[in-house]
Amino acid sequence: MCRMQVLISLNPFKRLPIYGAAAIAEYSEPSPNRLQSPHTFAIANSAYRALWRGDKRASISILISGESGAGKTECTKQCLQYLAEVAGSASGVEQRILQANPILEAFGNAKTLRNDNSSRFGRWMEVHFY
């Protein structure tokens, strides 16, 4: 059975205090009696949990789409931040990957009418859990 979740998010054009350690803890251990609000961490948690519930060789996908300036890069970083925290390693390699992302991104960004730092490339990321 294929179950799909859809989250429509908007780029607020400023940092919001809803992506810190407290939010990660809230979404990684959801209360069964409380409805959680839609959140990128909820989507990432759902994908992570589905991976461990089913066949260990299963593929789980998160598709992030939108126009220039819609916040795709931020949403991707939030999902990676969440996955790095809940599935982190003893060596901390996931934090180094997250820190390297802005440097790699800088090579493909340009100023547009809508956004001073718009991505000029698509990206395909694969995260493997062993």
Legend entry - Estimated vicinal HN-Hα couplings, Hz - region 16-21 in sequence order (Karplus 6.51, -1.76, 1.60; Gly, Pro = x): 10, x, 10, 10, x, 4
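Got a sec? What order do Arg49, Arg96 fall in by accessible area at 1.4 Å, biggest, i.e. largest, first? Please report the intermediate quantities before stating the final value.
Numbers: Arg49 80, Arg96 135 Å².
Descending accessible area places them as Arg96, Arg49.
By how many nm would the segment from Arg15 to Lys111 grow when fully extended, if each residue of separation counts as 0.36 nm and the alpha-carbon distance is taken off?
Working: separation 96, 0.36 × 96 = 34.56 nm, distance 2.03 nm.
Taking Arg15 through Lys111 to full extension adds about 32.5 nm, to one decimal.
The values are calculated or read from the model by the stated rules, or taken from the named source; none is laboratory data. Owing to the predicted nature of the structure, the values given are computational and were not obtained by experimental measurement. The protein model used for the area step is the full one, side chains on, heavy atoms only, and it has no ligands, DNA or RNA in it. Shrake-Rupley method; radii C 1.70, N 1.55, O 1.52, S 1.80 Å.
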